[in-house]
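Contents: one structure, followed by commentary.
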Amino acid sequence: MSAPSTVLVTGGAGFIGSHACVELLDHGYELIVVDNYSNSTPQVLTRVERIAGRFVGAIYELDIRDRHALSAVFDRHSVDAVVHFAARKAVGESTRMPVEYYDTNVGGTTALLRVMHEHGVHQLVFSSSCSIYGDAGSGLLDEATPARPTNPYAASKWTCEQILADVCRRCPEYTVLCLRYFNPAGAHPSGLLGEDPCRTPENLMPYVAQVAIGRRERVRVFGADYPTPDGTAIRDYLHVVDTVEAHRVALDHLADGPGMYVYNLGVGMGSSVLDVVATFSEACGRPIPYEVTARRPGDVAELVADATAVTRAWGWRPSRDLADMCRDAWRFQQLNPYGYAGSARRPNLKR
Ligand code: NAD
Ligand code: WQD
């Protein structure tokens, strides 16, 4: 099996997907992007093309659960591999809308698999999440840590992993690389791409950025009574550009052989909520106001990756730190105070 050259990216207009598109275009891949823009806008892809200096091969507005529409895309293009980002990703929302989360994340993945199967496409890079580990206690979490999802979002990702593992066990033609991201953050260094959720950010870094630019009054620090050095919760923040570089390296390794391979993506070092607030304050040159509030239900004290397996397997390791993430996120926020809203709509380019 040779390395892929035409890659279909689901959710390519999203936060991580858009950065991945830049990375893959920069490395000569032909891209087909599908997205329903439920948490993104088409303008993002114009920016992707501007940064890369190349067009995305084709862009389709569709829902991955729509097998007929997806199948028509596979009929039209000779796809070698799929990088599957499209999903709903807000943990809190998933507790209020579990059916929507299972339908999009699990149903979307099985619809995609079915269409891939029908078209003889057997190479997949899948976005999983550290949230599948649940409340695993302190210490570095390696890939053998038992999955104990505590919310529908995490359960949907774990269900997808189990389905993909079973397919790989039964169908030897498949190669699936499953990447469990810890906390991707930051933005493209150009300031043109970043994290711009359609609703109020649930994640810490985009919330802090919106406080820094004056869109929100203060950061609410969810709990300062955790058993951690400063009392606030610790996470493993990974620059989004490092995250997508790992996907580019993953594509090279799809050719290594069949089966399912699971790797954590993290830096292997934790930062507390107050570390993030302080580092962002340095990046933007003024103190970020914050108040300590109650713990957020379902949060855990500490989640940090043992990310050595992927380095051993592929030689990939992250090269950017929290200061880089805050600096880049701040640049994006300054250049796009209201996110992508207001930028020109993507013209209907003839291809
Ligand atoms: P995002 O919401 O920014 O991007 C997801 C993209 O998928 C969006 O453009 C959205 O419009 C699209 N989409 C959603 N449902 C769709 C559907 N049914 N059909 C077609 N397109 C659809 O999220 P992100 O942060 O870029 O996350 C990408 C992937 O990584 C997701 O699978 C997420 O679960 C996973 N992940 C994210 C994080 C994180 O902290 N950002 C951490 C771990 C895992
Ligand atoms: C980080 C820390 C909060 C917002 C989730 C998913 C995980 C992955 C990343 C998708 C926590 C604290 C947050 C705020 C705060 N996503 N916080 N004030 O919860 O670690 O992970 O997103 O897969 O799977 O579970 O990320 O950015 O929401 O929170 O104090 O306004 O910041 O309590 O300790 P989390 P986060």
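No lab work stands behind these numbers, since they all come straight from the coordinates. Only a predicted model underlies this, so the values are computations on that prediction, with no experimental measurement involved. Ideal geometry is used to build each Cβ from the backbone, glycine not excepted, and the neighbour counts take in all protein chains shown.
Helix 15-26 versus the longest principal axis of the chain: what angle, 0 to 90°, nearest 10, using Cα atoms? Approximately 50 degrees, to the nearest ten. For the chain, the relative contact order works out to 21 percent when only alpha carbon pairs closer than 8 Å and six or more residues apart are counted. Principal-axis analysis of the Cα atoms of the chain puts helix 273-284 at an angle of about 90° to the longest axis. Contact order for region 45-159, expressed relative to its length and based on alpha carbon pairs under 8 Å spaced 6+ residues apart, stands at 30 percent. Can you give the longest run of the chain that contains no GluC sites (Glu not before Pro) sitting in a DSSP loop with at most 14 other Cβ atoms inside 10 Å? Answer - 1-172. Farthest toward the positive end of the dipole of the chain, out of Val83, Pro206, Ala278, is the Cα of Pro206, where the dipole comes from beta carbon charges about the Cα centre. The chymotrypsin sites (Phe, Trp or Tyr not before Pro) of region 268-345 meeting both criteria, a DSSP state outside H, G, I, E and B (loop) and at most 16 other C-beta atoms within 10 angstrom of the site's C-beta, are Tyr338. With the simple spin-label model, which puts each label point 7 Å out from Cα in the Cβ direction, the His77 to Ala294 separation comes to 4.7 nm. Helix 152-170 versus the longest principal axis of the chain: what is the Cα-based angle in degrees, 0 to 90, to the nearest 10? The two axes meet at around 30 degrees. Evaluating 6.51 cos²θ - 1.76 cosθ + 1.60 at θ = phi - 60° for every residue in region 303-316, the Karplus couplings come out as 9, 9, 7, 8, 9, 7, 5, 5, 5, 4, 6, 10, x, 7 Hz, glycine and proline recorded as x. Relative to the current alpha-carbon distance between Gln334 and Gln162, full extension at 0.36 nm per residue lengthens the span by 57.8 nm. Label sites at Tyr37 and Ser138, each approximated as a point 7 angstrom past Cα along Cα to Cβ, lie 4.8 nm apart.
Mean separation of Cα pairs under 8 Å and 6 or more residues apart, divided by the residue count, gives region 155-258 a relative contact order of 33 percent.
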